Amino acid sequence: MERAEAYGFSGAMSAAFLLSCVLFAAVSRRLRGPYMDEVFHVPQAQAYCHGRFLQWDPMITTLPGLYLLSVGVVKPAAWLLGWTGSVVCSVGMLRFINLLFSAGNLYLLYLLLFKIHQKNKAVSGFQRILSTLTLAVFPTLYFFTFLYYTDPGSVFFTLFAYLMCLYGNHKTSALLGFCGFMFRQTNIVWTVFCAGNVVAEKLNEAWKTELQKKKDEKISSRKGSFSNLTRTLQFLVEYLISPKNLVKLIVLTWPYIMLVALFFAFVFINGGIVVGDRSSHEACLHFPQLFYFLSFTVFFSFPHLLTPTKIRRFLLSLRKHPVQYSLVTVISLFLIWNFTYVHKYLLADNRHYTFYVWRKVFQRHELVKYLLVPFYIFAGWSFADTLKSKSIFWILMYFVCLLAVTVPQKLLEFRYFILPFLIYRLNIPFLSVYRQLLELTFYILVNAVTFYLFLNRTFQWENSDEVQRFMW
């Protein structure tokens, strides 16, 4: 990192943290008591603060990573500063933990962008800093910086594990992956993703060697066309069924394998992946979740995905491969027809934006969900097109993890899309400074609107005296 870039990043990080502190103070003044899921998280953390580690709220569905870490931070800080009484493990103190995680996420995002794109000399330090700030204020994640939720900590440990994986520190990466798992069980998928990075790298090396042996065959590991996919999958199967190659991969990825084995042991002992209330978190094959994620990504990455150039290239691809796209359309229609699920929370809880998306879009008419298929196909093509700089093996590995983390979820919840979105966004090429500024401005405007609605546009339910607020 050059000195000018280091100073620039330090200034940007300091300014971002200061502004977050100001916003944190505003939220804390307006919302002093627990809200939404904080009603479960805050008392649980406070029980741990008082040493009651066997007490557990059965409504909580995640492991106690957030509460253990909170006690590990708050109690020593209170002892050093001489704090006593109700201020220790108060709602404000617990929420401040996520403000620290937010600062850590900003730093990790910068390090990841630097590492992933280090070979691209055309990227300036200003672009890296700008992209880091943009991802740090990604609306769906940034909102939960100011509440006592698991999201900021879950993202922190997952990004940290990914960074260590990229630097080859796989034992450290697996340990951090365990911490992420303790925040949210589905983070085990991103442990698999880290192991998949190692496997994809070795596969790509072997693929290039194979191509060198067959120079007459014009195949590229970076071309994701329909014609090359079958050839690539054939090579993948042949490589993975080789005992020698398998042993080599196991030696490289054993820390991740141990963590995945621990996860399966937990699922067996626990009788499922969910801790506590399982009735509202049943796994199912909800394939349209992939379409919702693609739509979500197009909305938040429109400078990357929704451009005139991409639309023209998509139409050209459509004209060149009509049979393949027809098949994809039929499969998509079938998946929507047979695998669409509507969670009871989605229909009943009007505090979440997903309630209004579902009511205003999908519930307008029974045919709407089918009419959106052309947009889903364009979104999927554009999404994959932005990843073409990655090897085909990395893309396959990422899509497997994306399916694993989204499809089993019955509830349409934007928070579930945070990590797959960030991993995707970190790995796509940088835009021009103009488009980066457009993206950052868009995020700031979305945050401004969401915080304004949350703080000022309150409402009440007929059967309750509690103040309700709009949120992600």
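Computed values, structure above
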read-out: Centre separation in Å (Cα based) which lies between the stretch 98-135 and the stretch 168-192; value: 21 Å
read-out: Structure-derived Cα extents along the principal axes in Å - corresponding label in (i) 71, 65, 39; (ii) 87, 67, 49; (iii) 76, 52, 52; value: (iii)
read-out: Computed lengthening from LEU18 to SER279, 0.36 nm per intervening residue step minus Cα-Cα distance; value: 89.8 nm
read-out: VAL407 long-range amide H proximity, modeled H, under 5 Å; value: none
read-out: Surface share of carbon and sulfur [accessible, 1.4 angstrom probe, percent] for the chain; value: 66 percent
read-out: Stretch gain in nm, segment LEU229-ASN120, where the contour uses 0.36 nm per residue and the Cα spacing is subtracted; value: 36.6 nm
read-out: Helix-only mean residue ellipticity at 222 nm for the chain, each DSSP H run of n ≥ 4 adding -39500 (n - 2.57), per residue, nearest 500; value: -22000 deg cm²/dmol
read-out: Whole-Å distance, taken between Cα centres, linking the stretch 403-463 and the stretch 7-70; value: 19 Å
read-out: Cα-based helix-to-principal-axis angle, 170-183 vs the chain, degrees rounded to 10; value: 50 degrees
read-out: Peptide ranges 130-143, 243-256, 396-409 listed from the most packed, as the mean C-beta count within 10 angstrom indicates; value: 130-143, 396-409, 243-256
read-out: Cα gyration tensor shape for the stretch 282-431, rounded if a/c is under 1.5, else prolate or oblate; value: prolate
read-out: Local net charge near GLY177, Cβ-Cβ under 13 Å (Lys/Arg +1, Asp/Glu -1); value: +2
read-out: Residue-normalised accessible area of the chain, given per residue in Å² at a 1.4 Å probe; value: 49 Å²
read-out: With Cα atoms, 0 to 90° folded angle of helix 373-385 axis to the chain main axis; value: 80 degrees
read-out: Sequence-separation-based contact order of the chain, relative, with Cα cut under 8 Å and 6+ spacing, percent; value: 20 percent
read-out: Protection proxy ranking of 55-68, 101-114 - average other beta-carbon atoms within 10 Å, highest first; value: 101-114, 55-68
read-out: Sequence ranges 188-199, 300-311, ranked by mean other-Cβ count within 10 angstrom, highest first; value: 188-199, 300-311
read-out: Size of charge dipole - the chain - debye, nearest 20, with Cβ of Lys, Arg +1 and Asp, Glu -1, no other charges; value: 1420 debye
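The values are calculated or read from the model by the stated rules, or taken from the named source; none is laboratory data. These numbers come from a predicted model, not from an experiment. Virtual Cβ from ideal backbone geometry, glycine too; neighbours counted across all protein chains shown. Please note that ligands, DNA and RNA were not included when accessible areas were found on the heavy atoms of the full protein model with its side chains. Shrake-Rupley method; radii C 1.70, N 1.55, O 1.52, S 1.80 Å.
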